[in-house]
1. Could you please tell me the mean projected area of the C-alpha convex hull for region 305-430, averaged over all directions and given in square nanometres to one decimal?
2. Note the full-extension length gain between Leu356 and Thr376 as 0.36 nm times their separation in residues minus their Cα-Cα distance, in nm to one decimal.
3. So if each residue of separation counts as 0.36 nm, and I subtract the Cα-Cα distance between Asn387 and Ala87, what length gain in nm does that give?
4. Which entries in the list Lys182/Lys369; Lys370/Lys398; Lys182/Lys271 go over 28 Å, if you measure between the two C-alpha atoms of each?
5. Check which residues have an amide H placed less than 5 Å from Cys150's amide H, if you skip close sequence neighbours.
6. Any idea how far the Cα center of region 444-487 sits from the one of region 395-414, in Å?
7. Based on the alpha carbon coordinates of region 359-456, what radius of gyration and maximum Cα-Cα distance (Dmax) apply, in Å?
8. Residue-wise, which Karplus ³J(HN,Hα) couplings in Hz belong to region 381-387, taking 6.51 cos²θ - 1.76 cosθ + 1.60, θ = phi - 60°, and x for glycine or proline?
Amino acid sequence: MLNRVRSAVAHLVSSGGAPPPRPKSPDLPNPASAPPAAAPEAPRSPPAKAGSGRATPAKAVEARASFSRPTFLQLSPGGLRRADDHAGRAVQSPPDTGRRLPWSTGYAEVINAGKSQHNEDQACCEVVYVEGRRSVTGVPREPSRGQGLCFYYWGLFDGHAGGGAAEMASRLLHRHIREQLKDLVEILQDPSPPPLCLPTTPGTPGSSDPSHLLGPQSCWSSQKEVTHESLVVGAIETAFQLMDEQMARERRGHQVEGGCCALVVIYLLGKVYVANAGDSRAIIVRNGEIIPMSREFTPETERQRLQLLGFLKPELLGSEFTHLEFPRRVLPKELGQRMLYRDQNMTGWAYKKIELEDLRFPLVCGEGKKARVMATIGVTRGLGDHNLKVCSSTLPIKPFLSCFPEVQVYDLTQYEHCPDDVLVLGTDGLWDVTTDCEVAATVDRVLSAYEPNDHSRYTALAQALVLGARGTPRDRGWRLPNNKLGSGDDISVFVIPLGGPGSYS
């Protein structure tokens with residue numbers, strides 16, 4: 001077993017029979033037929049059987065939501081059991097014999113060391129075809145493949161309090177993005193500025209002369225400039241919101257337990273869009289230079305947003321919490337004394353007189369990986385968590401959690417990329433024990449050992465990153481070469497080559 005654990009090669013992955021069809025979302029139409037270049041949407045790897053196989057339908061649904069792995073891993077039932085083994089923690093990657101991921105993308109993952117029952121990370125990699133909904137002129141357009149768009153899609157979803165939300169997001173978020181892009185197909189292919197309004201469909205009620213609704217024009221002397229890029233960003237943001245709303249509707253009937261952080265990359269018309277909601281991270285390593293493409297959203301990084309909401313809506317805090325932050329918990333004997341504090345407007349610290357309300361528990365407490373909102377959750381953006389409440393309380397935490405991602409854009413056409421330039425995506429299991437500089441050093445070390453046209457080099461890099469963060473088993477747990485603790489969390493990594501085969505124009 002130890003020899004198998006220590007091996008980094010892909011023979012740890014085994015392929016199996018055909019998986020069952022992927023369930024369709026009741027709120028989204030069936031995907032439009034894609035052109036030959038677009039990969040069809042595939043089902044998830046089948047869940048492993050539990051116990052005697054006599055589980056009730058409800059338990060079967062829960063098992064599917066909590067224990068399934070990405071389809072592109074092509075795991076057999078035996079492979080699924082190995083992927084679910086906390087003791088061996090075998091690294092999983094797509095098999096060499098299978099169909100390569102788009103752009104020769106590399107992927108690797110490993111289960112946690114016992115933190116949760118199953119691997120709660122999920123991943124998705126798709127080529128998605130978008131057919132326009134209608135012509136900007138208002139005239140129905142004849143269906144034609146040439147008038148549509150394709151976008152490449154990568155997603156990492158780090159689940160918590162169960163794997164249901166991450167599994168659902170991995171199946172459906174790219175479909176929501178596709179729906180939002182349907183109105184933009186013709187607009188994005190037209191170099192002229194986007195129209196201010198889309199034409200209404202025939203029969204839509206409206207005023208023939210809305211001029212009487214217009215107010216003073218002094219502040220509307222000119223129209224704001226709206227770029228095509230900002231339309232794509234808005235489509236991604238709206239898709240995240242709709243995905244979160246769908247989880248809220250289906251959280252009971254479809255066993256959508258817990259929540260998830262979401263890190264999504266889209267390549268469309270020469271640009272890479274990186275959308276992050278949570279504490280996963282994306283960086284570009286280009287000619288040895290590190291370019292951050294996301295930032296983490298935690299109680300510390302979003303303290304002022306959280307405090308402002310608590311200040312504006314104190315009912316969300318009940319009688320248990322205060323929106324103010326103190327260096328430590330205030331003691332009853334300190335009433336009347338002046339203590340350091342800061343509120344939603346402050347980045348520094350000042351003194352205030354301690355009052356009775358200040359004895360309540362702070363909305364944001366702790367620091368680093370131990371920082372929490374309402375003493376419960378350590379991330380402040382993501383999808384799901386609609387049932388999350390403060391321990392031993394009825395106070396919901398969801399009002400303080402945002403589903404909206406921050407989107408950063410990278411224009412691939414502005415640089416000459418070589419095969420060693422990559423975009424690395426990782427869940428927090430990687431970044432908890434690995435710095436950006438260490439990742440960049442691994443990129444250089446691994447890729448330099450392979451020929452530039454060897455497509456397996458990016459999978460080898462993803463495996464090296466996962467193995468480096470996981471460490472090796474020793475008497476006192478999983479350890480790194482410096483004897484520090486390795487990551488005990490689920491670890492998932494995508495390596496996307498920016499200068500690989502294919503045209504980006």
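The values are calculated or read from the model by the stated rules, or taken from the named source; none is laboratory data. The structure presented is a predicted model; accordingly, all values stated were derived computationally and were not measured. Methodologically, a virtual Cβ is constructed for each residue, glycine included, from the backbone with ideal geometry; neighbour enumeration extends over all protein chains shown. For the accessible areas, the whole protein counts, side chains as well, though only heavy atoms, and no ligand, DNA or RNA atoms are used. Shrake-Rupley method; radii C 1.70, N 1.55, O 1.52, S 1.80 Å.
1. The number I arrive at for region 305-430 is 11.3 nm².
2. Length difference between fully extended and current span is 4.9 nm.
3. Stretched fully, the Asn387-Ala87 segment lengthens by 104.8 nm.
4. Long pairs (Cα-Cα over 28 Å): Lys182/Lys369.
5. Those qualifying (amide H under 5 Å, at least 5 residues apart or on another chain) are Val130.
6. When both Cα centres are located, 29 Å separates them.
7. 20.1, 63
8. Result, rounded to whole Hz: 9, x, 10, x, 6, 6, 9.
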